[in-house]
1. Return the residue satisfying two criteria in turn: it lies in the range 197-223 and is surrounded by 15 or more Cβ atoms within 10 Å (Cβ to Cβ) and modelled with pLDDT of 85 or more, and of such residues it is nearest to residue 92 (Cα to Cα).
2. All but one of (1) within 21 Å of residue 120 (Cα to Cα); (2) buried (at least 16 other Cβ atoms within 10 Å of the Cβ); (3) touching a strand residue (DSSP E or B) at 6+ places or on another chain (Cβ under 7 Å) hold for residue 39; which doesn't?
3. Among (1) modelled with pLDDT of 95 or more; (2) more than 16 Å from the chain's Cα centre (by Cα); (3) crowded, with 20+ Cβ neighbours inside 10 Å, there is one condition residue 109 misses while meeting the rest; what is its number?
4. For residue 176, indicate whether it is loosely packed, with under 15 Cβ neighbours inside 10 Å, modelled with pLDDT of 95 or more, in a helix (DSSP H, G or I) and in contact with a helix residue (DSSP H, G or I) (Cβ under 8 Å, 6 or more places away or on another chain).
């Protein structure tokens, strides 16, 4: 039987929309108190209000995780305001794709900052709290869930730097898993395929058109589908660690 999350606290980055928002709702339904971190404070407040109306506990933290101090402060505030930290979901990310030749280097920098450095900052700040939570009730286990992508497994033309950041997330996650799994901190990697979120809309118009053509005829995953997978990971009994989940739309081939 799956465990509930009553008495635990989760911090979710990129919680203002998409996978982060859906994960926060799923965790709250399982009894976790949730800290919602993202840059768009108004969206966070609306989500927190929805969780509270359903009887849950939520705090909002306006933060840009690419700033190390803000990332650390998000973790610090979570533990201070909610009393502990049992689960970190590193969900904040951007996907700015296109050919390497003549690419805007600022897009590369942004992906490295958000997809990799932001995740590393949050992971580093959270680890002492996760290790402490894994030694205490109610569950004696803690979780870090890092959101990667199918792009973290397979390099494809036009996705070079995005591929690089997501491959790095996978390598970091596996190395950290080996380091802390004996102390009952589970590190899990979730690799979604095409999901109906705001990621595509962050690209230049010509890139958005190409991405739309690539997935013509494919029914994309919904954010709630990925949240369901994350919820599955963190509600396993203490003895079960789900190290990696690759989840694609049924019709997606590559």
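The values are calculated or read from the model by the stated rules, or taken from the named source; none is laboratory data. For clarity, every value in this text was computed on a predicted model and none was experimentally measured. Neighbour counts are summed over all protein chains in view; Cβ atoms, including those assigned to glycine, are modelled from backbone coordinates with ideal geometry.
1. 223
2. Residue 39 satisfies all of (1) within 21 Å of residue 120 (Cα to Cα); (2) buried (at least 16 other Cβ atoms within 10 Å of the Cβ); (3) touching a strand residue (DSSP E or B) at 6+ places or on another chain (Cβ under 7 Å) except (2).
3. It fails just one condition, (3).
4. no
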